[in-house]
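Input: a single structure, listed below in structure tokens.
The numbers here are math on the coordinates, done by the rules we state, and not lab data. Since we're looking at a predicted model, the values are computed, not measured. Please note: Cβ atoms are built from the backbone with ideal geometry, for glycine as well, and neighbour counts cover all protein chains shown.
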Amino acid sequence: MNKYVKYGIISAVIILIIVVLVILNINKNNNDQKDDGVTKIVTSFYPMYIIAENITDGAQNIELVNMADVNVGCLHDYTITTEDMKKIENADIFIANGLGMENFLEKAIESNMDMKVIDSSANITDVIQDEAETNAHIWTSIDNYILQVKNISNELINLDPQNSDIYQNNTDTYVNKLEELKTRYLEELKELNGIKAISLNEAFEYMGKELGIEMTTIETDHEESTMSAEMLKNIIDKVKQENIEMIIIDKDDNESNARAIADETGAKIYKLNSGLRGNLDTNAYIEQIEENMQILTQ
């Protein structure tokens, strides 16, 4: 055999062996990622992360990741990023708020067909809806938030039974805290029942309903500094005619619209916490509600 042909065959065999080893190694790594015994749970945004953090505290062999940056705020007009997709691609469980909040959910599911999706809004009937859309900010009602906690917990117990006892114990503890919070909340703020308010942030509609506030919600772009002159005039006229004393906005919203209304009417601005962003402490939601209680009792 020609020595050049012989060397060529040997080289080809060596290359083939290297290619096979590389493929085997890639497959091994992929299998390791799927079969490492760790359940990867991804939450869509901050409120869902706080719920999952409370339920999964102390659970074994889980990885809890929040998809969107914790300070991103509302997901209504959110565009999913490449980094977000990377988190989702190898997730086992994805926890969503539901009610259309995650407008990218179909795309996320297509990227990982094996991923189980938990819809925290399942079977929640106290949903505010108008002709245009559903208000997805259900967590600002403590009652709805408790239902979200229970929905997520029940699904996690079914999907990850090895941690079922931990999930159930954590859920019971958290729900007890939330029930105690709700009792104090309704008692301390009972004088707000029947009071009229204007809200420039739709997130507080559920809060208003829970407290019995007669709330008129004006949908605005919270980042814009101005609204149209006609809209502003109509709101000012309404506040004056109905003797509305409260203007509610999120503490992170632009204040200029509310300030213009307050200056013309004498109504007071209340800058509340919608729970869309904050620290990652397990007590974050409770602290946010208590923050609102302190502001509203003033």
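Some notes on this structure:
- Neighbour-count order for Ile93, Ile152, Ile109, fewest beta carbons within 10 angstrom listed first: Ile109, Ile93, Ile152
- Part-to-part distance (alpha-carbon centres) for segment 81-110 and segment 45-66, which is given in Å: 16 Å
- Residues whose placed amide H lies under 5 Å from that of Asn66, excluding near-sequence neighbours: Thr43
- Counting only Cβ charges, +1 for Lys and Arg and -1 for Asp and Glu, the dipole size of segment 173-280 around its Cα centre is about 320 debye.
- Counting DSSP beta bridges with both ends in the chain, the antiparallel % (nearest 5): 5 percent
- Label-to-label distance for Asp130 and Glu191 is 3.1 nm, based on points extended 7 Å past Cα in the beta-carbon direction.
- Leading residue at positive end of dipole, the chain (Cβ point charges), from Leu147, Thr82, Ser199: Thr82
- Amide H contacts of Phe94 (H built 1.01 Å from N, under 5 Å, at least 5 apart or other chain): Val42, Lys116, Val117, Ile118
- Placing +1 on each Lys and Arg Cβ and -1 on each Asp and Glu Cβ, with no other charges, gives the chain a dipole about its Cα centre of roughly 1240 debye.
- Counted by Cβ distance under 9 Å from Leu276, the other residues give a net charge of -1, where Lys and Arg count +1 and Asp and Glu count -1.
- Charged side chains reduced to their Cβ positions (Lys and Arg at +1, Asp and Glu at -1) give segment 39-184 a dipole of some 320 debye around its Cα centre.
- Helical contribution to [θ] at 222 nm, DSSP H n ≥ 4, -39,500 (n - 2.57), averaged over the chain, rounded to 500: -16000 deg cm²/dmol
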